[in-house]
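Report on the following structure.
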Amino acid sequence: MSKEILENVSLRMGRRSFLKMAAIGASFGATASFASSDAIRKATPEEVKDPFPGSKRVKTICSICSAGCGIVAEVHNGVWVRQDVAQDHPISEGSHCCKGIDQIDLVKSTQRVKFPMKKVDGKWQKISWDQAVNEISEKMLKLRAENGPDVAMFLGSAKFNLQQSYYFSKFAAMWGTNNIDHVARI
Ligand code: SF4
């Protein structure tokens, strides 16, 4: 792909979309030449104007914390492809924090961890949820037996709703400590 085409495409696309395209292009480049491949071509003016024809804009909320800021999710063929701020949301009024503005990556990021992982001999291994829960709880109980219940501190999540907060505080009380706080106590 020529330098002129790259510059032309990068000017027409958003920075984030361009970087993603560049990453896809780089992976193709490992096995084939761009110049001779049909996998990459210059976008048509129609595609630049509307890359996801027929997509729907769905109003939803950011799920990262309990503020619940408004998000407009653009959905194309059942896939969440882009996000926008919800200008008319009564709480966020068209704004996001830095976490919410990239909420789509909770779904799309290739770096997202989807399973419990355990480091064994320096390498990460995928383990089952049962194994993760059992191993963590065994270690917690061993620590409590050796050092007493105040060995642990329970730090709540900004995403907890009222009911989850209730269960979380009950769990700390059952464990036997008053060491409990909210994650935002910074
Ligand atoms: S994480 Fe940020 S954008 Fe999401 S709901 Fe909370 S304050 Fe709003």
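A 1.4 Å probe, protein heavy atoms only, puts the accessible area of Ile101 near 90 Å². Here the label points at Val48 and Ser137, each 7 Å from Cα along the C-beta direction, are separated by 5.8 nm in the simple model.
Using the alpha carbons alone, the radius of gyration of the stretch 72-159 stands to its Kirkwood radius in an Rg to Rh ratio of 1.14. The heavy atoms of Met140 offer some 60 square angstrom of accessible surface to a 1.4 angstrom probe.
Computed over the stretch 127-182, relative contact order equals 37 percent, with contacts defined as Cα pairs under 8 Å that lie 6+ residues apart.
Here Leu143 sits with roughly 80 square angstrom of accessible surface, probe radius 1.4 Å.
Sites listed here are GluC sites (Glu not before Pro) in the stretch 45-136 whose DSSP assignment is loop and whose Cβ has at most 12 other Cβ atoms within 10 Å: Glu93. Listed by chain and number, the lysines whose C-alpha is less than 18 Å from the C-alpha of Lys119, apart from same-chain residues fewer than 8 away, are Lys139. Note on Lys108 and Ala173: the model spin-label points, each 7 Å out from Cα along the C-beta direction, lie 4.4 nm apart.
Excluding same-chain neighbours fewer than eight residues apart, the aspartates and glutamates reachable from Lys170 by a Cα-Cα span under 16 Å are Asp150, Asp181.
In a DSSP loop and with at most 12 other Cβ atoms within 10 Å, the trypsin sites (Lys or Arg not before Pro) in the stretch 87-117 are Arg112, Lys114.
Within the stretch 127-182, the percentage of alpha carbon pairs spaced more than 12 angstrom apart rounds to 69%.
The values are calculated or read from the model by the stated rules, or taken from the named source; none is laboratory data. Note that the structure is predicted; figures quoted are calculated from it, not measured. Positions of Cβ are backbone-derived with ideal geometry, glycine not excepted, and every protein chain shown enters the neighbour counts. Please note that ligands, DNA and RNA were not included when accessible areas were found on the heavy atoms of the full protein model with its side chains. Shrake-Rupley method; radii C 1.70, N 1.55, O 1.52, S 1.80 Å.
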